[in-house]
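The values are calculated or read from the model by the stated rules, or taken from the named source; none is laboratory data. Note that the structure is predicted; figures quoted are calculated from it, not measured. Heads up, the Cβs are rebuilt from the backbone with ideal geometry, glycines too, and the neighbour counts pull from every protein chain shown. Surface accessibility is based on the protein's heavy atoms, side chains included, excluding ligands, DNA and RNA. Shrake-Rupley method; radii C 1.70, N 1.55, O 1.52, S 1.80 Å.
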Amino acid sequence: MKLRKLAKMAIENRIEHSFVIKGKDFGNAGNVSTKIKDLLKEIGIPPSIIRRVAIATYEAEMNVVMYANHGTLNFALTPQKIEIVVDDRGPGIEDIELAMQEGYSTATEEMREMGFGAGMGLPNIKKNSDEFEITSEVNKGTKLRIVIYLDSKNE
Amino acid sequence: MNRKIKKMTLREIKDLLKCEVITGDDNLDLEVLSGGGCDLMSDVLAFGKPGMLLLTGLTNAQSVRTADIVDIKAIIYVRGKRPDKEGIELAKKKGIPLLTTKLMMFEACGILYSAGLPGVNEAEKIS
Ligand SMILES: Nc1ncnc2c1ncn2[C@@H]1O[C@H](COP(=O)(O)OP(=O)(O)OP(=O)(O)O)[C@@H](O)[C@H]1O
Ligand SMILES: [Mg+2]
């Protein structure tokens, strides 16, 4: 990372990083979430917060890998909160309300063999977030915004 | 029902289920707080608790990745299954012991439950 960028982050009290998630790349699925988890551990964020961030990012990352072609995960940490925006190019979601229901899944046999497709991902992301927004456009892509407060008592 | 529940070391669990240790031989004094059997990774992410032991029949690297995400202490693969090479490498890096037992899921869970290992919700009540 460039020194100037680091200096800017220090002044603004904000750590930011953007990660790329490749669609259909099951071999690397989960790498981004593991990296974020390791980073938060190193910074000394409370374990209960790390856990919620890790679960939410992992479910979001898996959805990009399973359903989309390509995605980015933008991570930002400030003294108050952690904000994660996952933006993908892919099929999008036609009925968001349905997709948010526990148990609803369009996962393929291959995904189920890997242990996914319980239809629990999106509801679990919401459960672990203090703020959660999902927007989607069919044949374009899906965007999630997840915010977790550092002082939150959620769970 | 008032059953006696307790934390268990991996060594005790290894003996009860006649496990073979795949990785983490030097870490068998590790204590697990609870146990759960599951092949669905999203269920593990939804219901898994820190310090738990996961029994699973899922052998790809995602089993280890998922365990790491929710701070699961150790994994036992049932029915003699073994994780793939990637999973083993990741487990070594993350310090998560992996064991395998010839027993089926139901039997392995039953033995640990009878020996006093609590389920995740049960464990929460006492802690
Ligand atoms: N990024 C995405 N792009 C397109 N469709 C998506 C995306 N994320 C979720 N979906 C759709 O919403 C459904 C529900 O998603 P959710 O994450 O809750 O469950 P799942 O991925 O099917 O199973 P699980 O997350 O339990 O492994 C998916 O089956 C899929 O149809
Ligand atoms: Mg999902």
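Values as computed for the structure displayed
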item	result
Carbon + sulfur, % of accessible area of chain B - ligands and nucleic acids excluded, 1.4 Å	53
Equivalent ellipsoid semi-axes - Cα gyration tensor, segment A:99-154, angstrom	24, 16, 9
Accessible area per residue in Å² at 1.4 Å probe, computed on segment B:18-67	34
Listed residues B:Lys6, B:Lys94, B:Lys85, A:Lys126 arranged by accessible area, highest first, probe 1.4 Å	B:Lys85, A:Lys126, B:Lys6, B:Lys94
Over 25 Å between alpha carbons, listed pairs B:Lys7/B:Lys125; A:Lys5/A:Lys41; A:Lys35/B:Lys6; B:Lys6/B:Lys81	A:Lys35/B:Lys6; B:Lys6/B:Lys81
Projected label distance in nm at A:Thr135 and A:Asp95, using a 7 Å step from Cα toward the beta-carbon	2.3
Rounded to whole Å, sorted largest first: equivalent-ellipsoid semi-axes of segment A:19-110, Cα gyration tensor	25, 15, 12
Accessible surface of B:Phe47 - all protein chains present, 1.4 Å probe, nearest 10 Å²	120
Rg to Rh, two decimals, where segment B:8-118 supplies the alpha carbon set and Rh follows Kirkwood	0.91
Debye-sum result for the protein assembly as shown in log10 I(q)/I(0), which assumes one identical scatterer on each alpha carbon, at q = 0.08, 0.09, 0.17 Å⁻¹	-0.35, -0.44, -1.36
Normalised convex hull volume, segment A:49-155, alpha-carbon set, Å³ per residue	92
Shape category assigned to segment B:62-127 from the gyration tensor of Cα positions, a/c cut at 1.5	oblate
Separation of alpha-carbon centers, segment A:2-74 and segment B:1-79, rounded to whole Å	26
Members of A:Lys37/A:Lys140; B:Lys14/B:Lys73; A:Lys22/A:Lys140 lying beyond 18 Å, as alpha-carbon distances in this model show	A:Lys37/A:Lys140
